Each structure stands twice: as C-alpha cells, then as structure tokens.
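Quick note: the coordinates plus some simple rules give every number you see, no bench work behind them. Everything quoted here is computed from the prediction, not taken from an experiment. Note that each Cβ is placed from the backbone with ideal geometry, even for glycine, and that neighbours are counted across all protein chains shown.
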Amino acid sequence: MTDTTQYRFDDLRSACAEDWRAYIRHDFVAQLADATLPRASFEHYLKQDYLFLIHFARAFALAAYKSRTLADLRQAHEGLKAIVDLELGLHVDYCQEWGIREAELEALPEARATMAYTRYVLDTGHRGDLLDLHVALAPCVIGYGEIANWINQRPSTVRGADNPYDAWIAMYASTEFQDAMRAEQEWLDARLAEVTPARFQELVMVFRDATRLEIDFWAMGLERRA
Ligand SMILES: Cc1ncc(CN)c(N)n1
C-alpha cells in the first residue's frame, strides 16, 4: 500500500503548536511591541543576535555545500544573502544607533543560549541531510516574519518614534524579509510533500528542538543571561 500523505510546512507548525505559540508570542516580543521592554534586555539580545547571525550564515553556507541541485543551491544562496546582505548589514547599523560598535560585537563572549542554538543547528546539518538542516533553520527564517506580522496586527503595539524598537519591527515586516520567509516556506512545502510519515516525525523533533531554542534565546535576552 502506498502512503499518499503530502506534508507541508503548516503540518510542522501544527505538530508543535504549543511551542510555536510560546515562541511567537513570547513576553520579550510582546514587551518589544508595547515599548515596555527594558533597554538593557534589548541591548543584550541585540549583541548576542550578532553572534547568532554569524553562525546562521555559516549554516546556510553548509546548506549550499550539501546541495545537490541548482534549485537547492539557489535556495541556500538566498538564505545566506538574506542574512549577510540584509539582516547583518542592518544589524550592524542598528547596533551603532544603540551605541554598540562593530569592534565590541566582534569581541563579545557568547551566551550559553546562543551557543546551544547555533551549534544545535550546525550539528543537525552535519549529521542529517539538507532537509534536516532547513527544518532546523525554519523557526529562524519563518518565525521572525510571523512575529513581525503578529506584532503589526496587535492593537496595543506602539508605533513610530514612541517605540524605540520600531526599526527592528520594520526590518522583519519588510518586503525583503517577508519574501525570504515565503521562499523558505515554499521550498519546505515542496520537500515535505515527498517524505514518509516516519521521516516526518523525525523532522518534527528537529523543528520542536529549534523552536524551543528560540524560546530560550528570548529568555536569555529578557533576563540578560550570560
Ligand atoms: C535568534 C534569532 N532567530 C531568528 C532571527 C531571524 N533571522 C534572528 N535574527 N535571531
């Protein structure tokens, strides 16, 4: 008997609905939207996120290395470009506005949550295949786009100059970031349509782990954990 189940990215999200919601609607995100997030928490997050993004760029480079087709190589390249050209560029400029210089960013000690998350994704990519790696990257790429959309539809979100985090929200709501998020989702939809139920369950575990590590990353920022 052949199994005709065709999975999609939405099935991964539904399989981890509770963790996904805890990530997207984390207190860090709600306070950032309401402009009540302590500046010191945001600054701590921002600094660690620089280190995070460097490792995630490496993970997309690993995805390029593991690609067997031009389409897969292009998708990895798009992810790498979105991090290096778009996000990291804006991140460094944004840090400067917050009085954090690039030399300081380069000399930062890594917090444990940063280390745990980034190394988990890289390890998943090394030991698994290209789909494992993209599933481990999905909470990062797709989650932040969804977070920006959630923030933007909340009635209590503080907008413009009254919110010191407005530019951060705008970056993830931007067409460029939303396009990158959609492209990743489409790539995952196409690959997940081909997996067996047993393989899907393995991927759910990877997606859940990565989502939980995103939650820990918010907590690290909020509580300014080293
Ligand atoms: C921890 C984390 N996760 C996701 C993203 C969005 N690329 C980010 N900048 N930082």
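Using a/c under 1.5 as the rounded threshold, could you call region 171-226 rounded, prolate or oblate? The axes a ≥ b ≥ c are square roots of the C-alpha gyration tensor eigenvalues, and prolate needs a/b larger than b/c, oblate otherwise. It comes out oblate by the Cα gyration axes. Need one word for region 106-155: rounded, prolate or oblate. Basis is the Cα gyration tensor (sqrt eigenvalues a ≥ b ≥ c); a/c below 1.5 gives rounded, then a/b vs b/c decides. In terms of gyration-tensor shape, oblate. A full extension of the chain between D189 and H126 corresponds to an added length of 20.5 nm, given 0.36 nm per residue minus the alpha carbon distance.
Between L108 and R39, the modelled label-to-label distance comes to 1.8 nm, taking each label 7 Å out from Cα in the direction of the beta carbon. Paramagnetic label reach from V84 (point 7 Å along Cα→Cβ; backbone nitrogen cut-off under 18 Å): within region 14-56, residues 50-56.
In this structure, the amide hydrogen of Y165, modeled 1.01 Å from its nitrogen in the peptide plane, lies closer than 5 angstrom to no residue at least 5 positions away or on a different chain. Only helices enter this figure: runs of n ≥ 4 DSSP H residues, each worth -39500 (n - 2.57), summed and divided by the residues of the chain, yield -24000 deg cm²/dmol at 222 nm to the nearest 500.
Here the translational diffusion coefficient of the chain follows from Stokes-Einstein with Rh set to the Kirkwood radius across Cα pairs; for 10 °C and 1.306 mPa s it amounts to 88 µm²/s.
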